[in-house]
Amino acid sequence: MSGEAAPSPTRPRPTVWVNFAASEDGRIAYAGGLRARLSSPEDLRRVQQMRANCDAVLVGVGTVLRDDPSLRVHWDVLGEPPGPSPARIVVDSRGRTPAGARVLDGTARTLVATAEGCSRTFPAGVEVIVAGRDRVDLGALFERLPGLGVRRLMVEGGSEILTSVFRARLFDRCTVYHAPVIIGGRTAPSVAAGAETVGDAQAVHLALVGVERLGEGYLATYVPR
């Protein structure tokens with residue numbers, strides 16, 4: 001992940017790069033969470049290169065339930081011979097990841113972060129990390145990742161994970177592919193979810209550091225302000 005922030009001795013967590021695609025009205029899926037392919041072919045290639053360059057890719061269990069992603073590197077998109085894929089991290093407080101989910105297929109290292117009350121057992125080879133009492137504490141989880149060999153972390157979503165990472169300021173860089181489409185509606189998920197922001201002090205302010213045309217859309221890069 002070129003251009004990443006330098007590791008800091010005062011920040012015992014990985015370098016965190018948030019990446020997602022959104023419509024021009026800030027939606028990341030269609031009504032009811034139906035998957036929307038918002039990235040252009042050029043952006044898909046960029047995302048695969050990001051995966052290839054990181055140590056782990058993190059998503060929430062909601063993304064697993066809706067999209068069943070493999071979170072592996074699609075080397076054919078890069079036009080390169082198959083190589084190692086990053087570790088896959090699923091934030092799953094209550095153990096809702098389906099037994100047949102592709103992230104549990106054993107083809108790449110997989111870590112599942114759960115809360116203390118979770119009694120779910122996972123297949124052999126899946127590393128379970130308990131971080132948080134009732135739900136996963138992302139700050140506590142991130143602090144444990146360097147000790148597990150994860151120093152460059154890519155966060156892909158969905159809305160709840162993105163919101164938690166943003167509001168806790170647990171990221172160093174954010175790239176957004178803006179697709180030239182308007183989705184609208186009331187049930188199409190937006191980039192951010194969760195509790196209402198009642199004032200400027202609760203808003204997450206970003207600094208724009210780059211914009212480039214990418215296929216039919218454009219890529220904007222931000223860092224925390």
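General observations
- For residue 157, residues with placed amide H under 5 Å, excluding near neighbours: 60
- Gaussian network model of the chain, springs between alpha carbon atoms under 10 Å - residue of 95, 117, 132 with greatest fluctuation: 117
- Least to most buried among 28, 183 (fewest other Cβ within 10 Å first): 183, 28
- q = 0.10, 0.15, 0.18 Å⁻¹, the chain: log10 I(q)/I(0) [Debye, one scatterer per Cα]: -0.44, -1.06, -1.59
- Counted by neighbouring Cβ atoms within 10 Å, the residues 114, 187 run from fewest to most as 187, 114.
- All Cα pairs of the stretch 158-224, percent lying beyond 20 Å: 39
- Separation between Cα centres of the stretch 196-213 and the stretch 134-150, rounded to whole Å: 25
- When each of 88, 144 is scored by the number of other beta-carbon atoms lying within 10 Å, the sequence from fewest to most is 144, 88.
- Cut-off under 5 Å, modelled amide H: who pairs with residue 71 long-range: none
- Every helix of 4 or more DSSP H residues in the chain counts as -39500 (n - 2.57), and over all residues that averages to -5000 deg cm²/dmol at 222 nm.
- DSSP loop GluC sites (Glu not before Pro) with at most 14 other Cβ within 10 Å: longest gap in the chain: 25-115
- Couplings 3J(HN,Hα) of the stretch 82-95, computed from phi: x, x, x, 9, x, 5, 10, 10, 10, 8, 9, 4, 10, x Hz, in residue order, whole Hz [Karplus 6.51 cos²θ - 1.76 cosθ + 1.60, θ = phi - 60°; x for Gly and Pro].
- Two-decimal Rg/Rh across the stretch 52-161, once Rg and the Kirkwood Rh are taken from alpha-carbon atoms: 0.95
Each value in this text was obtained by applying a stated rule to the coordinates, not by laboratory testing. Values in this document were obtained by computation on a predicted structure and should not be read as measured data. Ideal geometry is used to build each Cβ from the backbone, glycine not excepted, and the neighbour counts take in all protein chains shown.
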